[in-house]
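The values are calculated or read from the model by the stated rules, or taken from the named source; none is laboratory data. The model shown is predicted, which means the values in this text are computed figures rather than measured ones. For neighbour counting, all protein chains shown are included, and Cβ atoms are generated from backbone atoms with ideal geometry for every residue, glycine included. These accessible areas exclude ligands, DNA and RNA; they are computed on the full protein's heavy atoms, side chains included. Shrake-Rupley method; radii C 1.70, N 1.55, O 1.52, S 1.80 Å.
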Amino acid sequence: MALDKDCLFCKIINGDIPSAKVYEDEFVYAFKDIEPIAPVHYLFVPKTHICCAKKIDAENSQYAAKIFEAIAKVAADEGIESYRVINNCGEDAGQSVMHLHFHMLAGTKMGWGKQSLG
Ligand code: AMP
Ligand code: ZN
């Protein structure tokens, strides 16, 4: 597990910055988004510093797989039948924290289509 001392989410994983934890295992940490845009809004992050989806490769892709396993587990544990998973990669897509993360959104009926791209 290689953390970056200057990275916000690495600091959260390390416990240096508080967070509302919803799940943790060897590979994955998940916590409530501080500015939720849905009734359920969790962030799932790898417990190693990967800047973004562009840097997922054969060496580290197990973290991405483990994140999707964790999302399915949390959904099952919390009785969440329907949810959306979002990864923003890069500036135009709206990535604001440069540590790979997947938003899990649920608890409301969600729209879909071009207008949702803002
Ligand atoms: P993105 O815009 O895809 O990079 O998502 C970053 C997310 O991190 C945003 O939804 C923020 O609300 C969230 N966020 C930023 N700082 C914190 C924090 N300290 N604790 C929890 N969520 C945070
Ligand atoms: Zn990091």
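Less than 5 angstrom separates the built amide H of LEU3 from those of HIS49, all sequence-distant by 5 or more or on a different chain.
Put the Cα centre of region 10-37 next to the Cα centre of region 46-107 and the gap is 12 Å.
Give LYS21/LYS73; LYS5/LYS47; LYS11/LYS32; LYS21/LYS47; LYS21/LYS109; LYS11/LYS66 a once-over and call out the pairs whose C-alpha atoms are over 18 Å from each other. Pairs exceeding 18 Å: LYS21/LYS109; LYS11/LYS66. The string of couplings for region 62-68 from the Karplus curve (6.51, -1.76, 1.60, θ = phi - 60°) is 4, 5, 5, 4, 5, 4, 5 Hz, one whole number per residue in order, with x for Gly and Pro. Residue-normalised convex hull volume from the C-alpha trace of region 32-94: 107 Å³ per residue. For the chain, which whole-number percentage of the solvent-accessible area (1.4 Å probe, protein heavy atoms only) is attributable to carbon and sulfur atoms? Here it works out to 51 percent. When the Cα positions of CYS10, VAL97, PRO39 are compared along the charge dipole of the chain, PRO39 comes out farthest toward the positive end, with charges on each C-beta of Lys, Arg, Asp and Glu.
Spin-label pair ALA72-ASP16: with each label point 7 Å from Cα along the Cα-Cβ axis, the two points sit 3.4 nm from one another. Highest mean first, the peptides 78-91, 21-34 sorted by other C-beta atoms within 10 Å per residue fall in the order 21-34, 78-91. How many nm separate the modelled label positions at GLN62 and ASP4, each set 7 Å beyond the Cα in the direction of the Cβ? Once both label points are built, they end up 2.2 nm from each other. Annotation: Cα Rg of the chain relative to the compact-globule expectation 2.2 N^0.38 Å equals 1.04. Phi angles of region 89-106 translate, via the Karplus equation with coefficients 6.51, -1.76, 1.60 and θ = phi - 60°, into HN-Hα couplings of 10, x, 5, 5, 7, x, 6, 10, 10, 8, 9, 2, 8, 10, 7, 10, 10, 6 Hz per residue; Gly and Pro are given as x. FRET efficiency for the pair GLU35 and SER82, taken as 1/(1 + (r/R0)^6) with r the Cβ-Cβ distance and R0 = 25 Å, rounds to 0.70.
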